[in-house]
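Comments concern the structure below.
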Amino acid sequence: MTETYGPGPAESPLIIKLLIMHQLFRLVLGQKDLSRAGDLFSLDDSEIEDSLTEALEQIKIISSSLDYQTNNNDQAVVEICITRITTAIRETESIEKHAEALVGLWDSCLEHSLRPSGKDEDTPHAKIASDIMSCILQNYNRPPVMALAIPIAVKFLHRSNKELCRNMSNYLSLAAITKADLLANHTDVIVKSILQGNAMLLRVLPAVYEKQPQPINRHLTELLALMSQLEQPEQYHLLRLLHVAVKRKQPEVAQKCIPFLIGHLKDSTHNDVILNILIEIAGYEPVALNGFLPMLKEIGERFPYLIGQMARLYGAVGHVDEVQIQLEEKEGNETEVTKIF
């Protein structure tokens with residue numbers, strides 16, 4: 001039988017390896033040859049790096065075929081090839097070169113069902129999306145990659161796959177650290193995802209608020225209503241958001257925040273943080289706090305370690321004499337102190 005490729009008299013060993021590598025990818029993906037797929041791992045990363053984009057495009061064709069979701073052979077071939085490709089991309093640090101093809105394959109998964117078909121059993125396209133996600137979003141510090149990836153990433157937040165959504169949220173939180181401006185364009189989608197139960201994304205909002213405050217302000221009351229349902233870390237991120245928001249000196253935002261903040265002052269976990277937010281508000285909207293002074297007095301008596309912050313708050317509202325009396329009076333003089341307030 002005649003060989004279709006082989007060493008010629010002028011061919012170097014490197015050219016021979018490249019030809020073998022190229023043919024091997026074409027064999028595995030072109031013929032969906034599962035028996036040879038493992039051979040891809042015998043090749044050096046540098047040998048296959050040049051053909052990764054072409055391989056990703058071929059995988060996109062295979063995974064978009066009508067019978068892919070029921071074809072176990074094709075799924076296995078794709079899974080092995082994606083593992084080999086993403087490994088090579090990481091090892092050769094060539095993500096920017098292949099990002100467009102990688103994101104294109106990722107995006108194509110959105111055209112198919114991602115809802116788990118059974119208990120913790122991902123669909124074939126959810127597996128592809130998950131495998132690609134980490135390879136792309138681990139590069140959150142590379143702006144060109146994030147510019148391609150984030151518009152696709154946020155689409156996965158509403159695709160009925162909790163595990164995929166949770167992992168996506170983790171990566172988006174990292175992206176917010178370095179490229180909040182890219183996420184800011186999708187603030188509406190992020191807020192809606194939070195309101196639907198994806199509380200992990202609350203950590204993104206303080207970073208994007210400076211760029212896109214209005215979508216958050218519109219839903220601020222709904223976001224605050226989540227407080228009692230949140231774990232402590234998410235509660236902290238919600239309060240961070242409020243602190244960022246009130247620093248912009250928006251009276252309408254302050255009016256929404258104050259009853260919520262006063263209501264949660266009795267929670268010793270966050271009351272020092274809450275008082276700092278109230279002090280910020282008192283600096284430009286002191287009249288809004290007048291009606292809450294009796295409640296603040298009660299909190300000051302209940303938590304003596306807040307004396308310093310409480311004095312600053314009363315001072316800002318113009319009642320520094322009263323708070324000094326409140327904090328110095330003995331329990332037996334309670335009636336007189338109440339009259340002052």
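Specify which of the listed residues (Gln232, Gln212, Gln196) is within 29 Å of Tyr314 (Cβ to Cβ), among the polar types (S, T, N, Q) and out of contact with any Cys (no Cβ under 8 Å at 6 or more places or on another chain).
Gln232
All but one of (1) within 18 Å of Leu148 (Cβ to Cβ); (2) of a type outside the set (Gly, Ala, Ser); (3) open to solvent by 50 Å² or more (accessible area, probe 1.4 Å) hold for Glu121, so report the exception by its number.
Checking Glu121 against (1) within 18 Å of Leu148 (Cβ to Cβ); (2) of a type outside the set (Gly, Ala, Ser); (3) open to solvent by 50 Å² or more (accessible area, probe 1.4 Å), the one that fails is (1).
Run Gln23 past the list (1) surrounded by fewer than 18 Cβ atoms within 10 Å (Cβ to Cβ); (2) of a type in the set (S, T, N, Q); (3) at pLDDT 90 or above and report the number of the one that doesn't hold.
(3)
Tell me yes or no: at least one residue of segment 182-190 is under 22 Å from Arg142 (Cβ atoms), surrounded by fewer than 18 Cβ atoms within 10 Å (Cβ to Cβ) and not β-branched (Val, Ile, Thr).
Yes, that holds for at least one residue.
The conditions are (1) at pLDDT 95 or above; (2) more than 25 Å from Leu34 (Cβ to Cβ); (3) open to solvent by 50 Å² or more (accessible area, probe 1.4 Å), and Asn73 fails exactly one of them. Which is it?
Looking at each condition in turn, Asn73 falls short on (2).
Output the helices (runs of 4 or more DSSP H) that fall wholly within segment 218-325 and possess 2 or more residues being free of Cβ contacts under 8 Å to residues at least 40 places away in the same chain, open to solvent by 10 Å² or more (accessible area, probe 1.4 Å) and of a type in the set (A, V, I, L, M), or say none. Spell out how you get there, then give the answer.
Details: elements: 220-224, 232-246, 251-263, 271-282, 293-302, 307-317.
Because the criterion is at least 2 residues that are free of Cβ contacts under 8 Å to residues at least 40 places away in the same chain, open to solvent by 10 Å² or more (accessible area, probe 1.4 Å) and of a type in the set (A, V, I, L, M), the helices (runs of 4 or more DSSP H) in segment 218-325 that meet it are 271-282, 307-317.
Taking segment 195-215 on its own, how many of its residues are under 11 Å from Leu157 (Cβ atoms), open to solvent by 20 Å² or more (accessible area, probe 1.4 Å) and either at pLDDT 95 or above or hydrophobic (A, V, I, L, M, F, W, C) (or both)?
Count: 1.
Does His125 qualify as being touching a residue at least 40 places away in the same chain (Cβ under 8 Å), touching a Cys at 6+ places or on another chain (Cβ under 6 Å) and either part of a helix (DSSP H, G or I) or hydroxyl-bearing (Ser, Thr, Tyr) (or both)?
Values: touching a residue at least 40 places away in the same chain (Cβ under 8 Å): yes; touching a Cys at 6+ places or on another chain (Cβ under 6 Å): yes; either part of a helix (DSSP H, G or I) or hydroxyl-bearing (Ser, Thr, Tyr) (or both): yes.
Answer is yes for this residue.
The values are calculated or read from the model by the stated rules, or taken from the named source; none is laboratory data. Note that the structure is a prediction, hence the values are computed from the model and not measured. Note that each Cβ is placed from the backbone with ideal geometry, even for glycine, and that neighbours are counted across all protein chains shown. Each accessible area value is taken on the protein alone, full model and side chains, heavy atoms only, with ligands, DNA and RNA left out. Shrake-Rupley method; radii C 1.70, N 1.55, O 1.52, S 1.80 Å.
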